[in-house]
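Before any comments, here is the structure.
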Amino acid sequence: MELQNKADRHDFTKGSVAGGIIRLSLPMMLAQLVNVLYNIVDRMYLGHMPETGRLALTGVGVAFPIVTIINAFANLCGSGGAPLCSIERGRGDEDKARRIMGNSLTLLILFGILLTVIGYLLKTPLLYLFGASEETIPYANAYMDVYLAGNLFVMLGLGMNPFIESQGFAKTGMLTVVIGALLNLILDPLFIFGLELGVRGAALATILSQFVSAVWVLGFLSGGRAILRLDVSGMGLRKETVRGILGLGLSGFTMSVTNSLVQIFCNASLQFYGGDLYVGAMTIIYSVREVVQMPIQGFTQGAQPVLGFNYGAGQNGRVKEGIRFMRRVTLSYAVGIWAVLMLFPRFIIGFFNEEESLLDVAAVSMRWHFALFFFMAFQYIGQTVFVSLGKAKQAVFFSLFRKAILGVPLILIMPRLWDMGITGVLAAEPVTNVIGGLACYVTMMTVVWKKL
């Protein structure tokens, strides 16, 4: 009876669609913003280290594509399994939903171990490939040596938290992130400055915080409050279940990997055309990008359980209502934050480093990078609908299209057009925002909206 009452409270076919999305998305937006603190606070502290701040900041920035790839594998399981759980709950098949969650946990453990081994074997050549120089490689290597030791904790916390949120426990999902981020905020200055561990201290603070988050997530999903509880019997891998998780998760995975791919080519190109100063500037810009994207990501992730549950229950009218509401909010936010970034670049950059040479380069680079940022809203709307409704092929394609098919070639080609150089590297991002965002959105309206 208790489980039935909890399930009724999280039945998204009842009540206001917009209200359901807001109820789930507000805690998730806060959680996403707080989650950024894991890496952003590290960079803020490192950027203000006496004498070596800029090099330490740049070294960690070069290492970040590896971190992004690790997170991509966590998203592969979390963003693949959690929407499927919502759909199966909407259909009333809780046994299948529980099996999806157990298989996702097993995959996370296997991927975590494998990535740790590969990371230690290949990190140094990869860091050079990603834009490290002789001056920055010691900082990049030091960070990754520690970070990889706690890689499994990172993956478990990130990959299993969506299963809390998909059951409607948005506040609990938010606490997962808040607990870890606050701990990281406390440990960072202690380890970096107090114990004088530098970049190693930043990495150590991160993995200890993620360990606590992982324990919190697994404890909740194994306890009595969860509607779907982790069960050892559900962890045995089944071919069709794994195929479904990885197939749908490829969208989030591809988006993360292609983001990392673009960072790699961008850093390498900036190193070639401009040197460490431009790589350091881009490290700050990617940090700012994480912050401004997180509210959109939190909001659209909050919409996914509502859209998926109603789609599974055959409530197509409510699905369309949810899409319209998501579109209004996402576009309004994207335009507003774009205006702030265009008006106050130097003020924002100053939170990371106050060297005048870096401020000058980063301010110009930021305006180029975010010139047409508001078109990204269309990408998020389309991707969210594809993932929520289980349209794996479309979700994966448009993740690849924007970054791998458009972004990487443009980064390589545009600097050579009319000898644009650095400007060409920076101008590639706004071009991909327009073409990729509109292509994804128009396809969603054509393929999905009409059928609904």
- Note on the structure: Picking from Phe351, Phe325, Phe375, Phe347, the residue that is over 21 Å from Ile21 (Cα atoms) and open to solvent by less than 60 Å² (accessible area, probe 1.4 Å) would be Phe375
- Item | Yes/no for Thr206 being buried (at least 24 other Cβ atoms within 10 Å of the Cβ) and at pLDDT below 80 | no
- Message: Among (1) surrounded by fewer than 19 Cβ atoms within 10 Å (Cβ to Cβ); (2) of a type outside the set (D, E, K, R); (3) at pLDDT 80 or above, there is one condition Gly390 misses while meeting the rest; what is its number?
- Response: (3)
- Message: Conditions first: (1) within 19 Å of Ala74 (Cβ to Cβ); (2) buried (at least 24 other Cβ atoms within 10 Å of the Cβ). Val212 passes all but one, so which condition is the exception?
- Response: (2)
- Going by the conditions given, is Val292 surrounded by fewer than 24 Cβ atoms within 10 Å (Cβ to Cβ) and free of Cβ contacts under 8 Å to residues at least 24 places away in the same chain? no
- Report, by residue number, each residue of segment 393-434 that is of a type in the set (S, T, N, Q) and surrounded by 19 or more Cβ atoms within 10 Å (Cβ to Cβ). Gln394, Ser399, Thr432, Asn433
- So which residues in segment 289-337 are closer than 19 Å to Glu165 by Cα and of a type in the set (Phe, Trp, Tyr)? Phe299, Phe309, Tyr311
- Query: Between residues in segment 94-122 that are closer than 18 Å to Gly236 by Cβ and residues that are acidic (Asp, Glu) and part of a helix (DSSP H, G or I), which pairs lie under 6 Å by C-beta distance while being six or more apart or on different chains?
  - Reply: Lys96/Glu88; Ala97/Glu88
- Message: Just checking: which of the helices (runs of 4 or more DSSP H) contained wholly in segment 352-452 hold 2 or more residues that are within 27 Å of Gly317 (Cα to Cα) and touching a helix residue (DSSP H, G or I) at 6+ places or on another chain (Cβ under 7 Å)?
- Response: 376-388, 392-400, 422-444
- Is it the case that Gly336 is open to solvent by less than 50 Å² (accessible area, probe 1.4 Å), in a loop (DSSP other than H, G, I, E, B) and of a type outside the set (A, V, I, L, M)? no
- Would a scan of segment 321-344 turn up a residue that is out of contact with any Asp or Glu (no Cβ under 6 Å at 6 or more places or on another chain), over 26 Å from Val434 (Cβ atoms) and at pLDDT 80 or above? yes
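Rundown of residues vs (1) in contact with a helix residue (DSSP H, G or I) (Cβ under 8 Å, 6 or more places away or on another chain); (2) at pLDDT 80 or above; (3) open to solvent by 10 Å² or more (accessible area, probe 1.4 Å), yes/no style:
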{"site": "Phe73", "(1), (2), (3)": "yes, yes, yes"}
{"site": "Ser86", "(1), (2), (3)": "yes, no, no"}
{"site": "Asp95", "(1), (2), (3)": "no, no, yes"}
{"site": "Leu105", "(1), (2), (3)": "yes, yes, yes"}
{"site": "Ile113", "(1), (2), (3)": "yes, yes, yes"}
{"site": "Leu121", "(1), (2), (3)": "no, yes, yes"}
{"site": "Gly131", "(1), (2), (3)": "yes, no, no"}
{"site": "Ala149", "(1), (2), (3)": "yes, yes, yes"}
{"site": "Met155", "(1), (2), (3)": "yes, yes, no"}
- Query: Does Ser365 satisfy being in contact with a Pro (Cβ under 8 Å, 6 or more places away or on another chain), buried (at least 19 other Cβ atoms within 10 Å of the Cβ) and modelled with pLDDT of 80 or more?
  - Reply: no
- Looking at Phe253, is it open to solvent by 10 Å² or more (accessible area, probe 1.4 Å), of a type in the set (Phe, Trp, Tyr), closer than 29 Å to Glu355 by Cα and in a helix (DSSP H, G or I)? no
- Message: Looking at Phe12 and the list (1) touching a Gly at 6+ places or on another chain (Cβ under 6 Å); (2) open to solvent by less than 20 Å² (accessible area, probe 1.4 Å); (3) at pLDDT below 75; (4) not in a loop (DSSP other than H, G, I, E, B), which single condition is not satisfied?
- Response: (4)
- Message: So, in segment 264-282, how many residues would count as being among the polar types (S, T, N, Q) and more than 23 Å from the chain's Cα centre (by Cα)?
- Response: 2
- Item | Any hit, segment 301-318, residues being in a helix (DSSP H, G or I) and over 28 Å from Thr172 (Cβ atoms) | yes
- Message: Given the condition under 30 Å from Thr136 (Cβ atoms) and among the charged types (D, E, K, R), answer yes or no: does some residue in segment 320-332 qualify?
- Response: no
- Query: For segment 267-283, which residues satisfy the criterion of being open to solvent by less than 10 Å² (accessible area, probe 1.4 Å) and more than 14 Å from Val361 (Cα to Cα)?
  - Reply: Asn267
- Select from segment 375-412 the residues that are closer than 12 Å to Val431 by Cα and more than 17 Å from the chain's Cα centre (by Cα) and list them in ascending order. Phe375, Leu406, Gly407, Val408, Pro409, Leu410, Ile411
- Task: Among the numbered conditions (1) in contact (Cβ under 8 Å) with a residue 60 or more places away in the chain; (2) assigned to a helix (DSSP H, G or I); (3) not aromatic (Phe, Trp, Tyr), tell me where Met342 comes up short.
- Result: (1)
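The values are calculated or read from the model by the stated rules, or taken from the named source; none is laboratory data. Predicted model, so just to flag it, every value in this text is computed and none were measured. In this analysis, Cβ positions are derived from the backbone assuming ideal geometry, glycine residues included, and neighbour counts consider all displayed protein chains. Just the protein is used for accessible areas: all its heavy atoms, side chains included, with ligands, DNA and RNA removed. Shrake-Rupley method; radii C 1.70, N 1.55, O 1.52, S 1.80 Å.
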